[in-house]
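Take a look at the structure set out below.
We did not get these values from a lab; they are worked out from the coordinates using the rules stated. The structure presented is a predicted model; accordingly, all values stated were derived computationally and were not measured. So basically every Cβ, Gly included, is an ideal-geometry build from the backbone, and we count neighbours across all protein chains shown.
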């Protein structure tokens, strides 16, 4: 029997993926796992009973990843589950930036009491005229789940698409349209594209990547879209470029005092993944990840531990060990198990940065005494009997 806690409302469609072996609890001291969306966990003290945290979404800035890793807590996210919802917002943002639809709608509202509004509209509509996106050049920076969808959709809409991603995965590369031009230097996108959309994670290397210097490289009248993270952009420099007319429009999903109300900005209140479908998809994926980990020790889409999969456990016993990625760990595990007369039938060890994860199948069930001995090994962070 497992217990889980929800720090935010989680889609019922997702929670229905739990079996009768799972019980929802409001007491974190009783929970084996946590489901979260936007709640900040940085000030939370997590008890030892917590085995895993699943973020129903892609970003994990609200979770203390290193602290969790040090406690042997595996943190999952749900990459790609909300990709279509964000993709549709990006396409909508391009259209809204190209044609002053928002301005036109607001003008009609202002003239709502004018009985000649129809005739007047014919005279005024030129001030809201724009351009079509067909035939224009779109630069997609970051070709992950969302970026790839945006790039492919833009091709269908008749745009000329340039894609930049030095870390593109093989799976993503296979899914991309052949018509997308792969760019080796991001500066080529700055210089060539009429529209630029950001789809990269917020890292030290990407923070402020849209800077005063990169803006200076861009074409006059460029449209910039940011549905990834606001700190990717030096928004002070960008607002200056908007006021000067260098940048035609800035479409962002991140409201803050710098851009809210700034000239030529279209700011939405973080709506990218705010669809019923995206919330359902994220919740379903998060629940599947937790179940795979709690029931069989398998890790899929963790952000602080390596992926690891030994399938459904058919052995007499299985133990999971979260530990530091240092030498001589496996031999120490084998020594403890061998000394207790326990034979290993299968084993997998994976590492990711400073941390590693080992799954061991045994021909006999593990005992608490064995778990305690393994836990005493220097570098071991958590040991769990899976079966």
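For region 79-127, max minus min Cα coordinate along each principal axis, in Å, sorted largest first?
51, 20, 11 Å, listed from the longest principal axis down.
Taking Cα centroids, how far is region 310-387 from region 105-175 in Å?
52
Have a look at 304, 185, 77 and tell me which one the Gaussian network model of the chain (Cα, springs below 10 Å) gives the largest fluctuation.
Largest GNM mean-square fluctuation: 185.
Using 0.36 nm per residue of separation minus the Cα-Cα distance, give me the extension gain between residue 378 and residue 348 in nm, one decimal.
8.8 nm
Give the angle, between 0 and 90 degrees and rounded to the nearest 10, that separates the Cα long axis of helix 276-296 from the longest principal axis of the Cα atoms of the chain.
Value to nearest ten degrees: 20.
Per residue Cα convex hull volume for the chain, in cubic angstrom?
Convex hull of Cα atoms, per residue: 171 Å³.
To the nearest 10 degrees, how steep is helix 235-244 against the longest Cα principal axis of the chain, on a 0 to 90 scale?
10
Let me have the relative contact order for the chain, percent, based on Cα pairs under 8 Å that are six or more residues apart. Working shown, then result.
On the way: 765 pairs, mean separation 58.9, N = 387.
About 15 percent, as a whole number.
Taking only the alpha carbons of region 278-322, what extent do you get along each of the three principal axes, in Å, biggest first?
Projected onto the principal axes, the Cα atoms of region 278-322 cover 39, 21, 12 Å.
Give me the tail of P(r) for region 193-235 as a percent: Cα-Cα pairs with distance above 17 Å.
Of the Cα pairs, 27 percent sit more than 17 Å apart.
In the Gaussian network model of the chain, springs joining C-alpha atoms below 10 Å, which of 256, 296, 328 carries the largest mean-square fluctuation?
In this elastic network of the chain, the residue with the biggest mean-square fluctuation among 256, 296, 328 is 328.
If I fit a long axis through the Cα atoms of helix 329-339 and take the longest principal axis of the Cα atoms of the chain, what angle between them do I get, 0 to 90°, rounded to 10?
Around 30 degrees separate the two axes.
So, in Å, what gap is there between the alpha-carbon centers of region 70-102 and region 14-46?
The two parts, judged by their Cα centres, are 24 Å apart.
Over region 86-157, consider all pairs of different Cα atoms and compute the Kirkwood hydrodynamic radius from their mean reciprocal separation; express it in Å, one decimal.
14.2
Using only the alpha-carbon atoms of region 306-387, report the extent along each of the three principal axes, biggest first, to the nearest angstrom.
Answer, in whole Å and largest first: 32, 27, 17 Å.
Calculate the radius of gyration of the Cα atoms of region 234-285 to one decimal place, then report Dmax, the largest Cα-Cα distance, as a whole number, both in Å.
14.6, 46
Per the Cauchy relation, a quarter of the hull surface: what is the mean projected area of the convex hull of the alpha carbons in region 83-267, in nm²?
With every direction weighted equally, the projected area is 11.3 nm².
Just the number: Rg to Rh for region 30-112, Cα atoms, Kirkwood Rh, two decimals.
1.28
Quick one: in region 183-298, what % of C-alpha pairs are over 17 Å apart?
61
Looking at the chain as a GNM with Cα springs under 10 Å, which of 203, 238, 337 has the largest mean-square fluctuation?
Sorting by GNM fluctuation, first place goes to 203.
At 7 Å along Cα-to-Cβ for each site, give me the label-to-label distance between residue 334 and residue 295 in nm.
3.2
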